[in-house]
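One structure is given below, encoded as C-alpha cells.
The values are calculated or read from the model by the stated rules, or taken from the named source; none is laboratory data. All figures in this text were calculated on a predicted structure; none of them were measured in a lab. Positions of Cβ are generated from backbone atoms using ideal geometry, with glycine treated the same way; all protein chains shown enter the neighbour counts. For accessibility, only protein heavy atoms count, side chains too; no ligands or nucleic acids. Shrake-Rupley method; radii C 1.70, N 1.55, O 1.52, S 1.80 Å.
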Amino acid sequence: MAGGVVEKPAGYGAPGAVPNYLNHVAGIKSWLITLDHKRIGIMYLAAVTFALLLGGFFVLLLRTELLQSGGVLFKNNEYYNKFFTLHGAVMVFMFIIPGIPASLGNFILPMQLGAKDLALPRLNLMSLYLYWIGAVMFVLVLVFGGLDTGWTLYPPYSLDRDTSIPLLLALSAVFILGFSSILTGLNFIVTMHRLRPVGMTMYDMPLFLWALYATALIQVLATPVIGLTLGLSAVEHIGHIGIFLPQYGGDPVLYQHFFWFYSHPAVYIMILPAMGVQSELIATFSRKHVFGYKAIAWSSIAIAAIGFVVWGHHMFVAGQSPTAGIIFSFITFFVAIPSAIKVFNWVATLYKGSIELKTPMLYGLAFMYLFGVGGLTGLFLAAIGNNVHLHDTYFVIAHFHMVMVGSTLNAFFGGVHYWWPKITGRMYNEKLAVIACILVFIGFNLAFMPQFVAGTRGMPRRYANYVDEFTIFHQLSTIGAYILGAGVLLQVVYFIASLKNGKKAPKNPWGAATLEWQADSPPDFHNFTKPPIVMAAYDFENWEYDPNTGGYELRKEVVEAGHSLATVHN
Amino acid sequence: MHFDTLHNQFQSGKLGMWLFLGQEVLFFAALFTAYSVYRGNHTDMFHYGQYFLDWRMGGANTIVLLFSSMTAAWSVRCAQLEQRKGLLITIAITWACAATFMIIKYFEYSHKIHIGAIWGEHFHIHSFDELPLPLQEKLSHIPVPEGKTQIEAVNDYLGKGGLGLGTFFAVYFCMTGLHGIHVLVGMGLYIWLFVRAWRGRYNRKYYSSVDNIALYWHIVDLIWIFLFPLLYLIG
Amino acid sequence: MTFSAGMLNLLGGLPLAREGSFWFPPEASSFAPGVDLTFHFILWTCVVFFVGICGTTGYFVWKYRKRPGHKEQKTSTHNLILEATWSFAPLMLLMVMFGMSTYWYYQMITPPKDEQVYDITVRGQKWRWAFKYSGDPFDKLYQTPKLHVIKGQAYRLIMDSPDVIHSMYLPAFRVKQDCVPGRYNKLWFRPTMAGEFDLFCTEYCGNDHSLMITKVVVHEDANSWRDAIIETGDVTRIEDLLARGQAIFEQNCTSCHTLDGSAKVGPSFKGIWGKTEQFEDGSSHVVDEEYVRESITTPAKHIVKGYPNSMTPFDFGPEREKYYDGIFALLKSLKDK
C-alpha cells in the first residue's frame, strides 16, 4: 500500500535531483523484477502493513462483538470463530513473523554491513514472491467462506470437516509463507558471514544484526517442522491416513507437539528482531555505547537455543506425562534469564547518557514497560501449577499480546519511525507522531491490562459469548482496542503525508553511528556513493551536529583517518 | 556484482546450500519423530507391517544410491579438473542411478497398491494368496468367525479395528514418498547440470552448482540410509 | 493478599468484586489456596522488579535528559560482576517459583491414597457436558448436565470425548484438563466450599464452544447431593450396562479370558479392576479405564507378567464408547469387595 505511494514521490524526478534507488529507474516492472534489497524491503513493508491493517480490522470486529455478552455484531458464533481464526493467522503468519526481519531487516541489514546487497538477491526476490503467493491464498480463504479452526489448526476439529477448500488453502498458504521465511533467514545468515566488511568482526556488528542472526537460525531450523506438520495434516484430511485423527488410529496430541515445536520458537522469531531494534533505539537516543554488548548479543542466541526445548509448556493439560510437564516448566523459567539480561543492560545504557525524547525513543521507552509486563507475566505461565489454572484463558491472551503486540509491534513502530528518514528521505510530522505514540501506548494498556484480570478470574479464550461477570473487562478492553486502532490510523496518515510534504531528511537525523547513516537519505542504488568508513557501531563521538542540515555529519578528522585506514569494503 | 571476489561468492552459495540442507534434515526429523512415536505405541503394527516390505528391493536401492553418491562426488572432482567428458559421464551415471531407484520404487509401490496394502482407512487386502508368504503361514490358522470369509477375518486382524496396519503404511508412504519427491527433484537438477556441462559452463573457478547439487544429492542419499533400516530391517 | 483486599474495598461497588478477590474467583478446592499463594508470590516478585526497572528508567530519562549544558559521559561498557549478579540472583527467585508451583502441581496429579476417591465419568461432546455417576449409593447409572459433588469428598474424574478435543475448566477449583478423543485423561480435586461455580470448555471445539458452559454444584451433604442427581439425571439401569458388558464378553473374550478367577490364555477378569498389574517390561499400572482401553486397542503395549503376547487388538467402531461403558460396568461388578 505504501509501496504504491513511494514509487514516484513528488520532486524526485525533478531535474538536478540526486539519483537514488527510488528514482534511478521507474515503472511498475522495475519494481517487480528488482533485485535491490531496498526495494524488496519496501515492498515487504507495504505488504506487512497491509496485513497489519487487515488483521487489525478483524480484531476491531471481534472486540466490538464482545462489548456485550450476547454479542452486538454477528448473528452466529460462526462469524466470530472465523474472524478470530483469520485475525490470528494473518497477524502471526503475514505480519509479525515476516514483520521486522523481512521489511526493516531486508532494507537495513546490508547497509549496516556497508554492503551493496544481500548475498543472494535472487533468493530474496523469490522469498518476496512466495510471501505474496501465500498472502493471496489467505485472502482466497476468505473468498471461499473463511475458516473457523483457530490459527493453531488443532486436529481433530480442524481436519475432520466436510469443507476442504478453505482448510487446504490455509495449510498451503502457511506452508508457502514458511518457505519464504526460511529463505529470508538463510539469506541473512549467509550475508552476515560473507559480506561483513574487512575490519568488522561479528562482535563489531550492530546488535540489530545479532538479533536478526538469532532469528534467522530459528527460521531455518524450526520452520521446516511446521511445513512437514501441515503437509501431513493436508494428507490426513484428504486421504485419512491415520497420523493425527484418532478415528483412523492417529494421535491428535502428536500434532500439538509438532505444531509447538515450530510455533514456540516462532514466538522468538517475533520478539528477537524487536529486541534488536530496541538496542539500536536505546543506544542512539541516549548517545551511549550499549552496556554489555556481548551479553545482549549472546542472550539473543541463548533465547533462540532455549526456545527450541520448551514447546511442551503448551500442553500441560493436554494429557502429556506429568514428568514431561515439570521438566518443560523448569526449562521455561530459563528463558527469563537472557530476557532479563537484555532489559537490565538497556537500563544501564541510559546511565549518564544524553537522552533525547524523539518519537523512536518514546517507543523504545514504552518497550521497556510493555515488555516488562509481557515478559514478567510469562513467569506465571511457566509455573506449572498456576498454568493449569491460567491455560487457555484471557491471561494467556493478554500475556502474548503484551509480548507480540506490546513489544514487537511497538518496536516495529519504533523501527519504522527511526529508519523512515533513511528509507524515504523525508521527515514525518514529529508532533503527530508523539500523539500517535501516546495513543498507541494508552491503547495497549487499556486493551490488555483488564484481560489479565479477566483471565485469572476464569475467562476462557476464543469465546464468542461470556458470562455476565466479565462484561466490565471486555468493555474496557474494547475501548482500548479502539484507541490503539486510532493511533495506528494516525500513523498511516502522517507517514503518507510525509512522502508529499515532509521535510527533506538529512543523512543522519539522529546522530546514530551504524553504517547505514553514512549513506544518503534515501540511499543511492548501490547504497553508498563512496565506501563507508567502517567504525564501531556505538561510537557516537564520531558524529557532530550540523545546524545547516539539521542532522549529524562525520567529524573531519574521522573522515580523514578513515580513508587513510583503507579498511574499506567495495 | 556485490561480492569482492569470486571465491567469496562461491563460499556464499555453499554456505546457503548447507543451511538449506540443515532445514531439510529438520524437515525429515519431524517424520522420523512421528515414526518413533508410532513405533513406540504400536510395536505389533510395525512387526507385521515389515512382512510387506522386501528388504532385497530396499537393499538394491541402497546400493544404487550409494553408488550414485560416489559418482556425484566424482563429478565435482571432474569439474575442478576441467575434465568435460568425465563430468558428463558422471552426471549421466548419477542420473541413471536415480532413475533406477525410482523404477525399483515404482515396482514396490505398485505391488503394494495392487494388493491393497495402503494407507489409513483404505488399507484392505484383496486376497489371501497375495499376502507375503511368511504372513500367509502366520495367519493361516487365525479363527474365522461365522459368516465371514478368511480374507475378511485377515483384514479385521490386520486393518482398522485390529493391528491398524493402515497407519504403518501411512508412515511408510509418507516417508518414502517424500524421499522419492526429493529424488525426482535431484533428477531434474542433474538434467539441468548436464545441459550446462554440455555447453561447457564449468571450469576450475566456476563449478559451484556442481558442488551444491552434489551436496544435495548426498543428503538425499543419507536420508535413505536411515530410512532403509528403520522401515525394512529392524524387526 | 493485602493488595487483593485493598483492591476489593476500592472496587467494592463494581460487579467484578462481587465474589472472590480482585484477582480470583472464590477458593473452592483444596488446591486453590496454594495456587493463589504461588500466584501472589510471583506477582509481588514481579512488581518489585517491574517497579525497579521502570522507576530506574524513568529516573535516568529525567536526570540525563538532553538539555543545554548537559553532555553524555563515557562510562564503562561492561562490568562482569554486575552482569553476573543480575543474571544469577533472579535465577534463585525463579527456582523458588518453580518449586512452589511444582509442589502444588504434584498435589494435583496425586490423588489421596488413604481414603475412598469417588469416580465420576466426564464426557465432553459438541457442545455439552455429561457427568456420569454409578456405584454407591446409586443402583443405576445417572447422567447429569451439571457436575454434582459433596464438600470435603475427594473426586476423580475420568474424561474423554467422542468427537473433538474439549477441555474442562473449573476456575473456582483452579483445575483444568483436556478431554482428548481416543484416550482417558484424569483429574482429581476436593471441593472445600459449598455453592455453584462456573464450569467452562477451554479448548476451542467449534461453533458453540462459548456456550459449552455449565456449573459445578458443591453440596453440603450427601443427601442433597443424591437427591439432586436423582432429580436431574438421565437414568441408565446398571443391569442394562452389565448385560451389555456380559454380551460383549461372550462374543469376543471367552476364548482367552474368564470371569471366575481361573486363568486361560489371558488373565481372568475377576477382581482385576483396581488391581495393580505387573508387566513384562517391568513397569506396572492400576487397572482402570485408560489401561483397559489400551489393552483392547493396543494389547501388546503392556503384557501382564506370565502371559503370552497373543491378543488381537479391537476397535468397536464409532459406537465404541457404549461398548466401553458396558465393559467397565462388567469389570467393576467383578471387583473384590
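Looking at segment A:184-212 only, could you name the residues that are open to solvent by 10 Å² or more (accessible area, probe 1.4 Å) and within 11 Å of chain B (Cβ to nearest Cβ)?
The answer is A:His193, A:Arg194, A:Arg196, A:Val198.
Determine, yes or no, whether C:Asn223 is assigned by TED's automatic domain parsing to the domain that holds C:Ala154, of a type outside the set (Ser, Thr, Tyr), modelled with pLDDT of 85 or more and outside any helix (DSSP H, G or I). Reasoning before the result, please.
Values: assigned by TED's automatic domain parsing to the domain that holds C:Ala154: yes; of a type outside the set (Ser, Thr, Tyr): yes; modelled with pLDDT of 85 or more: yes; outside any helix (DSSP H, G or I): no.
When the stated conditions are applied, C:Asn223 does not pass them.
Could you please tell me which pairs satisfy a Cβ distance under 6 Å, a separation of 6+ or placement on different chains, a first residue in segment C:162-185 that is at the interface with another protein chain (Cβ under 7 Å from one of its Cβ atoms) and under 30 Å from C:Gly317 (Cβ atoms), and a second residue that is part of a loop (DSSP other than H, G, I, E, B) and among the acidic types (Asp, Glu)?
So the pair list comes out as C:Ile165/C:Glu203; C:Ser167/C:Glu203; C:Asp178/C:Glu203.
For A:Lys288, which of the numbered conditions (1) at positive phi; (2) among the basic types (Lys, Arg); (3) open to solvent by less than 30 Å² (accessible area, probe 1.4 Å) fails to hold?
Looking at each condition in turn, A:Lys288 falls short on (1).
Within segment C:89-102, can one find any residue that is under 17 Å from A:Gly292 (Cα atoms) and open to solvent by 70 Å² or more (accessible area, probe 1.4 Å)?
no
Among (1) at positive phi; (2) without any contact (Cβ under 8 Å) to a residue 24 or more places away in the chain, there is one condition A:Phe380 misses while meeting the rest; what is its number?
It is condition (1) that A:Phe380 fails.
Residue by residue through segment A:494-545, note down the ones that are touching a helix residue (DSSP H, G or I) at 6+ places or on another chain (Cβ under 6 Å), in a loop (DSSP other than H, G, I, E, B) and polar (S, T, N, Q).
A:Asn508, A:Thr514, A:Ser521
For segment C:278-292: of the residues being in a helix (DSSP H, G or I) and modelled with pLDDT under 85, which is least open to solvent (accessible area, probe 1.4 Å)? Explain how you work it out, then say what you get.
Of the residues in segment C:278-292, the ones in a helix (DSSP H, G or I) are C:289-292.
Then keep just the ones that are modelled with pLDDT under 85; that gives C:289-290.
Details: C:Glu289: 5, C:Glu290: 38 Å².
Step by step, filter segment C:278-292, then rank; the result is C:Glu289.
Considering each residue of segment B:158-177, count those that are surrounded by fewer than 18 Cβ atoms within 10 Å (Cβ to Cβ) and touching a helix residue (DSSP H, G or I) at 6+ places or on another chain (Cβ under 7 Å), and give that number. It would help to see each step written out before you state the result.
Let us first name the residues in segment B:158-177 that are surrounded by fewer than 18 Cβ atoms within 10 Å (Cβ to Cβ), namely B:177.
After this cut, where a residue has to be touching a helix residue (DSSP H, G or I) at 6+ places or on another chain (Cβ under 7 Å) as well, the list is none.
Of the residues in that region, 0 qualify.
Do we have C:Lys270 as in a loop (DSSP other than H, G, I, E, B), modelled with pLDDT of 85 or more, basic (Lys, Arg) and open to solvent by 50 Å² or more (accessible area, probe 1.4 Å) here? Break it down stepwise before answering.
Working: in a loop (DSSP other than H, G, I, E, B): yes; modelled with pLDDT of 85 or more: yes; basic (Lys, Arg): yes; open to solvent by 50 Å² or more (accessible area, probe 1.4 Å): yes.
So C:Lys270 fits the description; yes.
Step by step: first the residues of segment B:106-155, then only those that are modelled with pLDDT of 80 or more and among the basic types (Lys, Arg), then the one that is least open to solvent (accessible area, probe 1.4 Å). Which residue is that?
Across segment B:106-155, the extreme among qualifying residues is B:Lys112.
Residues C:Gln107, C:Gln125, C:Gln153, C:Gln116: which one is open to solvent by 20 Å² or more (accessible area, probe 1.4 Å), polar (S, T, N, Q) and at the interface with chain A (Cβ under 9 Å from one of its Cβ atoms)? Don't jump to the end; show me each part of the working.
Values: C:Gln125 fails: at the interface with chain A (Cβ under 9 Å from one of its Cβ atoms); C:Gln153 fails: at the interface with chain A (Cβ under 9 Å from one of its Cβ atoms); C:Gln116 fails: at the interface with chain A (Cβ under 9 Å from one of its Cβ atoms).
Criteria check complete, one pass: C:Gln107.
Is it the case, given these coordinates, that A:Phe285 is under 18 Å from A:Trp346 (Cβ atoms) and modelled with pLDDT of 90 or more?
Working: under 18 Å from A:Trp346 (Cβ atoms): yes; modelled with pLDDT of 90 or more: yes.
In short, yes.
Could you please find all residues in segment C:28-41 being more than 10 Å from every other protein chain (Cβ to nearest Cβ) and crowded, with 20+ Cβ neighbours inside 10 Å?
C:Ala28, C:Ser29
Does A:Val388 qualify as being touching a residue at least 60 places away in the same chain (Cβ under 8 Å), touching a strand residue (DSSP E or B) at 6+ places or on another chain (Cβ under 6 Å) and either assigned to a helix (DSSP H, G or I) or more than 14 Å from chain C (Cβ to nearest Cβ) (or both)?
Details: touching a residue at least 60 places away in the same chain (Cβ under 8 Å): yes; touching a strand residue (DSSP E or B) at 6+ places or on another chain (Cβ under 6 Å): yes; either assigned to a helix (DSSP H, G or I) or more than 14 Å from chain C (Cβ to nearest Cβ) (or both): yes.
Criteria met by A:Val388.
Each row is one residue, and each column tells you yes or no for (1) over 29 Å from A:Met205 (Cα atoms); (2) open to solvent by 30 Å² or more (accessible area, probe 1.4 Å); (3) at pLDDT 90 or above.
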position: A:Phe473; (1), (2), (3): yes, no, yes
position: A:Leu476; (1), (2), (3): yes, yes, yes
position: A:Gly485; (1), (2), (3): yes, no, yes
position: A:Ala497; (1), (2), (3): yes, yes, yes
position: A:Asn508; (1), (2), (3): no, no, yes
position: A:Pro532; (1), (2), (3): no, no, no
position: A:Asp539; (1), (2), (3): no, yes, no
position: A:Gly550; (1), (2), (3): no, yes, no
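What pairs come out if I take residues in segment A:109-134 that are in contact (Cβ under 8 Å) with a residue 12 or more places away in the chain and pair them with residues that are open to solvent by 10 Å² or more (accessible area, probe 1.4 Å) and of a type in the set (D, E, K, R) whose C-beta lies under 6 Å away, six or more apart or interchain?
Listed by first residue and then by second, the contacts come to A:Pro110/A:Asp117; A:Leu113/A:Arg196; A:Ala119/A:Arg194.
Would you mind stating whether A:Tyr466 is farther than 21 Å from A:Gly364 by Cβ and modelled with pLDDT of 95 or more? Can you show your working first?
On the way: farther than 21 Å from A:Gly364 by Cβ: yes; modelled with pLDDT of 95 or more: no.
So A:Tyr466 fails the test.
Confirm whether A:Ser180 is open to solvent by 40 Å² or more (accessible area, probe 1.4 Å), away from every other protein chain (no Cβ under 12 Å) and either in a helix (DSSP H, G or I) or more than 30 Å from A:Leu140 (Cα to Cα) (or both). Even if it seems obvious, please write down each step before you answer.
Values: open to solvent by 40 Å² or more (accessible area, probe 1.4 Å): no; away from every other protein chain (no Cβ under 12 Å): yes; either in a helix (DSSP H, G or I) or more than 30 Å from A:Leu140 (Cα to Cα) (or both): yes.
Answer is no for this residue.
Output the number of residues of segment C:231-267 satisfying the condition of being exposed (fewer than 15 other Cβ atoms within 10 Å of the Cβ) and in a loop (DSSP other than H, G, I, E, B).
Of the residues in segment C:231-267, 8 are exposed (fewer than 15 other Cβ atoms within 10 Å of the Cβ) and in a loop (DSSP other than H, G, I, E, B).
Please go through segment C:165-180 and pick out each residue that is open to solvent by less than 10 Å² (accessible area, probe 1.4 Å) and either within 17 Å of A:Asp160 (Cβ to Cβ) or in a strand (DSSP E or B) (or both).
First pass over segment C:165-180, keeping only residues open to solvent by less than 10 Å² (accessible area, probe 1.4 Å): C:165-176, C:178-180.
Of everything in segment C:165-180, those that are open to solvent by less than 10 Å² (accessible area, probe 1.4 Å) and either within 17 Å of A:Asp160 (Cβ to Cβ) or in a strand (DSSP E or B) (or both) turn out to be C:Ile165, C:His166, C:Ser167, C:Met168, C:Tyr169, C:Leu170, C:Val175, C:Lys176, C:Asp178, C:Cys179, C:Val180.
Which of the following residues is under 30 Å from B:Arg201 (Cβ atoms), within 14 Å of chain A (Cβ to nearest Cβ) and assigned to a helix (DSSP H, G or I): B:Leu65, B:Leu19, B:Leu26, B:Leu87? Can you show your working first?
Details: B:Leu65 fails: within 14 Å of chain A (Cβ to nearest Cβ); B:Leu26 fails: under 30 Å from B:Arg201 (Cβ atoms); B:Leu87 fails: within 14 Å of chain A (Cβ to nearest Cβ).
So the residue among B:Leu65, B:Leu19, B:Leu26, B:Leu87 that is under 30 Å from B:Arg201 (Cβ atoms), within 14 Å of chain A (Cβ to nearest Cβ) and assigned to a helix (DSSP H, G or I) is B:Leu19.
Among the residues of segment A:20-49, which ones are under 19 Å from A:Trp419 (Cα atoms) and of a type in the set (Phe, Trp, Tyr)?
A:Tyr21, A:Tyr44
Any idea which of B:Ala153, B:Ala117 is within 14 Å of chain A (Cβ to nearest Cβ) and either touching a Pro at 6+ places or on another chain (Cβ under 8 Å) or assigned to a loop (DSSP other than H, G, I, E, B) (or both)? Reasoning before the result, please.
Working: B:Ala153 fails: within 14 Å of chain A (Cβ to nearest Cβ).
Result of the check over B:Ala153, B:Ala117: B:Ala117.
Answer yes if at least one residue in segment A:105-113 is buried (at least 24 other Cβ atoms within 10 Å of the Cβ), within 12 Å of chain B (Cβ to nearest Cβ) and either on the phi > 0 side of the Ramachandran plot or assigned to a loop (DSSP other than H, G, I, E, B) (or both), and no otherwise.
yes
Condition first: at the interface with another protein chain (Cβ under 7 Å from one of its Cβ atoms), in a helix (DSSP H, G or I), buried (at least 21 other Cβ atoms within 10 Å of the Cβ) and among the aromatic types (Phe, Trp, Tyr). Can you find one or more residues in segment A:346-356 that meet it?
Checked segment A:346-356: no residue is at the interface with another protein chain (Cβ under 7 Å from one of its Cβ atoms), in a helix (DSSP H, G or I), buried (at least 21 other Cβ atoms within 10 Å of the Cβ) and among the aromatic types (Phe, Trp, Tyr).
Can you name every residue in segment A:51-86 that is more than 17 Å from A:Arg461 (Cα to Cα), of a type outside the set (S, T, N, Q) and open to solvent by 10 Å² or more (accessible area, probe 1.4 Å)? Spell out how you get there, then give the answer.
Taking segment A:51-86 first, the residues more than 17 Å from A:Arg461 (Cα to Cα) are A:51-57, A:72-76.
If we keep only those that are of a type outside the set (S, T, N, Q) too, we end up with A:51-57, A:72-75.
A:Leu52, A:Leu53, A:Leu54, A:Gly56, A:Phe57, A:Val72, A:Leu73, A:Phe74, A:Lys75 - these are the residues of segment A:51-86 that are more than 17 Å from A:Arg461 (Cα to Cα), of a type outside the set (S, T, N, Q) and open to solvent by 10 Å² or more (accessible area, probe 1.4 Å).
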